[in-house]
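Student: Below you will find the structure I want to go over with you.
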Amino acid sequence: MTTFAFEAEGLVKRFKKTTALDGIDLAARQGTVLGVLGPNGAGKTTAVRILATLLRPDAGRAVVGGFDVLRDAAKVRRTIGLTGQYASVDEDLTGMENLVLIGQLLDLRGTEARARASELLAEFGLSEAGGRTAKTYSGGMRRRLDLAASLVGRPDVIYLDEPTTGLDPAKREDVWGIIRRLVGDGVTILLTTQYLEEADALADDISVIDRGKVIANGTPAELKRVVGGQTVFVRTADPERVTEAAAILADIAGRPAESPGRGMATVPVVGDTAFTEIVRRIDAAGIRVTELSLHLPKLDEVFFTLTGRHTEDEAA
Amino acid sequence: MTITVDQAASVAVSPATRPFTRTRHILALARRSLIKTMRTPEQLIDVTLQPIIFVLVYVYLLGGAVAGNTHDYLQFLLPAIMVQTVLFGGMATGVNLNTDIKKGVFDRFRSLPIARSAPLIGSVLGDLIRYVVAMVSLFIAGYILGFRIGTNLPATVAACLLTMGFTFCVSWIIVLFGVLMREPGGVQGTAFLVLFPLTFGTTMITPASTLPGWLQTWVNVNPVNHMMEAARGLMVGGPVAEHLPWVGFWSIGLLAVFAPLAVRAYRRRT
């Protein structure tokens, strides 16, 4: 028997002629991360907005923390924290003022609201910047302030709508760290993303959505099995020795390696021992490498496998 | 397997539904608007300079023709210009609100367990400070030009408060536009279309006796005209009582119709 922190069934939402959601089911067990993976326009944000009581579905139902999003919207709002893909903080207010305002709106007393705000600013490395207006913040700082703002009320369920879109890799790692910490505290998270890598790193379960429908559902491992191989990439310290490395790659993968550039070789692999085998053989051959990595397929490749279309089709 | 708790049996009162709580939310949000105004003083320049320019233009262009001299005309004009100034200030509320809603901040407010009306009322209330700044600067400019209160200070303060209360009610029309429309420019344009006949279809710059009959009919029902006449009566002397019921009736009427419409539109806005 499973208790879901939130659950949506058959959500349908139409905007004029476009169908944003075409009967979507999403659910996350308490204390887990549900990754919702999909390209732009797939319906991720619409689904989040319905679960956050910002939009009413045309059909279907959604329950968050045991409360119906339509009948008990006020109670749902007490349960959730929301972080949009655009940072929803007030630029003319300081970091501190932003968080205190949210605290006051959540019925904390003045001193409590200020204490909670200081605590969160410290936690997100914004203590020093707390007295400056948010418009002076960098993109990464705004994102962190936005995340902090959604945590003021210690919500049980947090919606993160593409929290790392537009952030550089180091800032992305920061946000990942925060998400992991939250899950450690027992919070349930709905994470939307365009990156399989991100969903793979953070989510317990992944739902892939496309054109308002869930097209695949499962744990990251299950999903990777469906979408197939990963790619091994190697860059040798001495570019001359790349041919030897390529030969090892080809031998293990059972197909010729390609060279995306000087001193580099790459090959798709299947099976869960291929990578370690390659590492061992390269080491045994005494080839020094500056980079040796295993890559997940890109979202576009996932989509191609699942739908037979590339994500670029969506833009048309 | 799904568990859905039947909440129908739960009777726990959500704190957010208590009026006291709602008032605190509104005040917190009004404070936010206030801080924003203070941090962007360029917004206030608009509000302070525009009425002074209006006064200068009317007094020196029309003063001689309408009242025989500029001094008498200034006594006639200034209370009415005050009402116009504050009303135009109310227009800015709608424009600001529109800009605000388009950013993500209002999404956050809507995801919080607060009354849907709180962010709107908070914005309108927070903007009252703009009216005060505009009125004070107008009075200073008026005093330098020779305007003198013809009644007494309490009556003048009453005129100011009445104007602010009236504008609070009227500004819900603009707030409705601010919530409904997609672009701040559209809000501004539409607000002007509404405010122009309201502020200029009045005895603001010239007595009603010189107007054509059809325009006099409009002037007689126009709530802004009654507000201007009441302000004039309170500040320089003249009939007040006959205008007050009109002001009260229109204020309550506009508030009762447009505030719920604006909140409803805000709730439905995606």
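The values are calculated or read from the model by the stated rules, or taken from the named source; none is laboratory data. Here the structure is a predicted model, which is why all the values come from computation and not from measurement. Neighbour counts are summed over all protein chains in view; Cβ atoms, including those assigned to glycine, are modelled from backbone coordinates with ideal geometry. To get the accessible areas, we keep the full protein, side chains included, count just its heavy atoms, and leave off ligands, DNA and RNA. Shrake-Rupley method; radii C 1.70, N 1.55, O 1.52, S 1.80 Å.
Student: Rank-order A:11-23, B:215-227, B:160-172 by packing density, defined as the average count of other C-beta atoms within 10 Å over each peptide's residues, highest first.
Tutor: B:160-172, B:215-227, A:11-23
Student: Give the interface area between chains A and B as buried accessible surface, both sides summed, probe 1.4 Å, in Å² to the nearest 100.
Tutor: Summing both sides, the interface buries roughly 3300 Å².
Student: For the range B:15-269, what does the accessible surface come to per residue with a 1.4 Å probe? Please give it in Å².
Tutor: Values: 10650 Å² over 255 residues.
Accessible surface, normalised per residue, equals 42 Å².
Student: What number do you get for the range A:230-295 when its Cα radius of gyration is normalised by 2.2 N^0.38 Å, N = residues?
Tutor: Working it through for the range A:230-295, the quotient is 0.94.
Student: Past the 21 Å Cα-Cα mark, which pairs from A:Lys16/B:Lys103; A:Lys135/B:Lys103; A:Lys16/A:Lys213?
Tutor: Check vs 21 Å cut-off fails for A:Lys16/B:Lys103.
Student: A follow-up question, please. Relative contact order, percent, of the range B:25-88 when contacts are C-alpha pairs under 8 Å separated by at least 6 residues?
Tutor: So the answer I get is 25 percent.
Student: Using Cα centres only, tell me the gap between the range A:47-75 and the range B:211-264 in whole Å.
Tutor: 44
Student: Counting only other chains, and only Cβ atoms inside 10 Å, what mean value do you get across the residues of A:60-71?
Tutor: 2
Student: Of the cross-linked pairs A:Lys44/B:Lys102; A:Lys17/A:Lys171; A:Lys75/A:Lys171; A:Lys17/A:Lys75; A:Lys75/B:Lys102; A:Lys13/A:Lys75, which ones have a Cα-Cα span greater than 28 Å in the structure shown?
Tutor: From the list (A:Lys44/B:Lys102; A:Lys17/A:Lys171; A:Lys75/A:Lys171; A:Lys17/A:Lys75; A:Lys75/B:Lys102; A:Lys13/A:Lys75), the Cα-Cα distance tops 28 Å for A:Lys17/A:Lys171; A:Lys75/A:Lys171; A:Lys17/A:Lys75.
Student: Which value, in nm² and rounded to one decimal, describes the direction-averaged projected area of the C-alpha convex hull of chain B?
Tutor: 17.8
Student: Something else about it: Give the Debye-formula value of log10 I(q)/I(0) at each listed q (0.09, 0.19, 0.20 Å⁻¹), with one equal scatterer per alpha carbon of the range B:138-257, two decimals each.
Tutor: Reported log10 I(q)/I(0), two decimals: -0.29, -1.13, -1.19.
Student: Okay, next question. Please report how far the C-alpha centroid of the range A:131-197 lies from that of the range A:104-124, rounded to the nearest whole angstrom.
Tutor: When both Cα centres are located, 18 Å separates them.
Student: Further question on the same structure: Give me the 1.4 Å probe accessible area per residue for chain A, excluding ligands and nucleic acids, in Å².
Tutor: Normalised by residue count, the accessible surface of chain A is 45 Å².
Student: Within the accessible area of the protein assembly as shown, what % is carbon and sulfur when the probe is 1.4 Å and the other protein chains stay in place? Before the final figure, lay out the partial values.
Tutor: Numbers: 15300 of 25950 Å².
Answer for the protein assembly as shown: carbon and sulfur cover 59 percent of the accessible area.
Student: On average, how much area does the Cα convex hull of the protein assembly as shown cover when viewed from any direction, in nm²?
Tutor: In nm², the orientation-averaged hull projection of the protein assembly as shown is 34.9.
Student: So for chain B, averaging the separation of alpha carbon pairs under 8 Å that are six or more residues apart and normalising by length, what relative contact order in percent results? Intermediate values should be presented prior to the final figure.
Tutor: Values: 319 pairs, mean separation 66.6, N = 270.
It comes to 25 percent, rounded to a whole number.
Student: So for the range A:4-220, averaging the separation of alpha carbon pairs under 8 Å that are six or more residues apart and normalising by length, what relative contact order in percent results?
Tutor: Working: 449 pairs, mean separation 66.0, N = 217.
Averaging sequence separation for qualifying contacts and normalising by length gives 30 percent for the range A:4-220.
Student: With a/c under 1.5 counting as rounded, go ahead and sort the range A:1-124 into rounded, prolate or oblate using the C-alpha gyration tensor (a ≥ b ≥ c being the square roots of the eigenvalues; past the cut-off, prolate if a/b is larger than b/c, else oblate).
Tutor: It is prolate, given that a/c is not under 1.5 and a/b is the larger ratio.
Student: Here is a further query. Can you pull a Stokes-Einstein diffusion coefficient for chain A at 20 °C (1.002 mPa s), Rh from Kirkwood over Cα pairs, as a whole number of µm²/s?
Tutor: 100
Student: Then there is this: Can I get the semi-axes of the range A:183-316's equivalent ellipsoid? Compute them from the C-alpha gyration tensor as square roots of 5 times the eigenvalues, in angstrom, largest first.
Tutor: After scaling each eigenvalue by five and taking roots: 33, 18, 13 Å.
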